[in-house]
Amino acid sequence: MPLISLRNVTKSFPPGRRGEPLVHAIDNVSLDIEAGEIYGIIGYSGAGKSTLVRLINALEKATSGDIIVDGHQVTNVPDRQLRTLRLDIGMIFQQFNLFSAKTVWNNVAYPLRVAGRTRDEIQARVTELLDFVGLADKASNYPEQLSGGQKQRVGIARALATSPKILLADEATSALDPETTHEVLRLLRRVNEELGITIVVITHEMDVIQTLATKVAVMDSGRIVEQGDVFDVFSNPREASSQRFVSTVVRGIPAPDELAALRERHRGRIVTFSFRDGDSSQASVFLELAAAGIEFELIYGGINDIRGRAFGHLTLALTGADSVIDTTLHHMAGRITVKELA
Ligand SMILES: Nc1ncnc2c1ncn2[C@@H]1O[C@H](COP(=O)(O)OP(=O)(O)OP(=O)(O)O)[C@@H](O)[C@H]1O
């Protein structure tokens, strides 16, 4: 049974007093997240990502549909049950949301005090958590004395305090520089691998998904337009909005204006070779072109790595006899995707 399951969930916000229309923030979404996964939810601003996670931890109430978390219905549960449910779900935010008047120690201790844990339990758990996130020496500092990455590590320690099964991360690295982002992503990977916590990451940054997630759902206008294994969605996005998103991190086939610029600078026939893990290697393609006496120059593209699996698109300018190029490309077409750009 999935740890988180949504079935035909919709969430509408009523029309505003000043005549704003009814907003269908979530529109008939079904989604299963298995225990142990790192599940990415991506989409442009306003796609409905935050609303979706707010539904999962019952900060918002669904208009219709079913949401089941760890075997319990989230929709229409009494407040007392809701509190128990929330102990199972930790959350971290873009702006960290730390208590500025409390020390690092007291920020992390806060959820444990609310949950009624004893002094000794709190002492042991906070020590353990600050060690885990590498901030044992900052226990008596205040948030304003910390860097952005350190603040988010406190946020993670606080979110893990009650030993939740699920961690929801809403744009948790969007306010951080690239290096700090990677530090926090490495910590989230440890949270998943060492503590076995299922993580749902919302982001508009594709490279966060690329380096962290195992599964991904692409949202657009309140709907999930594509979902699946990160490698599959990245290496072969089927929907237009996923393709637009993926193209922000993956150099694919050149767009018409880029192609026109490439044609001005390079002679010969322009051909894109698309590779996916398990296909023929780039080396064999280059060797075959060279063996046929075809001159080639790499003019666009790149190879990407997702958790040890490679894919990418390489666009080459080929010069040689047309009939030789035709025969060679025809030969390769069974083993990799070959596309001549008109
Ligand atoms: N409380 C609310 N009242 C009215 N409309 C809302 C409310 N919360 C969200 N919306 C609307 O629902 C839609 C989805 O918003 P949501 O914040 O979930 O998107 P998002 O993908 O998380 O965007 P962002 O990345 O900008 O946070 C938007 O049109 C938003 O304006």
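Averaging 1/r over every pair of different alpha carbons in the range 1-132 and inverting the result gives a Kirkwood radius of 17.1 Å.
Roughly how tilted is helix 178-195, in degrees to the nearest 10 and between 0 and 90, from the longest Cα axis of the chain? The angle comes out near 70 degrees.
The length gained on full extension between S281 and V23, counted as 0.36 nm times the residue separation minus their Cα-Cα distance, comes to 88.0 nm. For the range 28-104, the set of chymotrypsin sites (Phe, Trp or Tyr not before Pro) satisfying both a DSSP loop assignment and a count of at most 14 other C-beta atoms within 10 Å is given as Y44, F99. Beta bridges assigned by DSSP with both partners in the chain are antiparallel in approximately 70 percent of cases. Fully extending the segment from N141 to S12, taken as 0.36 nm per residue of separation minus the present Cα-Cα distance, adds 42.2 nm. Using only Cα coordinates, the Kirkwood hydrodynamic radius of the range 256-340 works out to 13.3 Å. The three principal axes of the Cα atoms in the chain give end-to-end lengths of 80, 50, 41 Å, sorted in falling order. Which residue, V249, V114, V104, has the most motion in a Gaussian network model of the chain that connects Cα atoms within less than 10 Å? Top of the fluctuation ranking is V114. Extension gain, A260 to R190, is 20.6 nm, computed as 0.36 nm per intervening residue step minus the present C-alpha separation. Counted over all Cα-Cα pairs of the range 146-258, pairs farther apart than 18 Å make up 54 percent. Could you tell me the distance between the Cα centroids of the range 310-342 and the range 48-92, to the nearest Å? So the two Cα centres are separated by 51 Å.
Dividing the summed helix terms, -39500 (n - 2.57) for each DSSP H run of n ≥ 4, by the number of residues in the chain produces a 222 nm estimate of -11000 deg cm²/dmol to the nearest 500.
Across A124, A310, A217, mean-square fluctuation computed from a Gaussian network of the chain (C-alpha pairs under 10 Å connected) peaks at A124.
Here, each number is a calculation from the coordinates, and none is a lab measurement. Please read all numbers here as calculations on a predicted model, not as lab measurements. Glycine also receives a Cβ, built like all others from the backbone with ideal geometry; neighbour counts cover every protein chain displayed.
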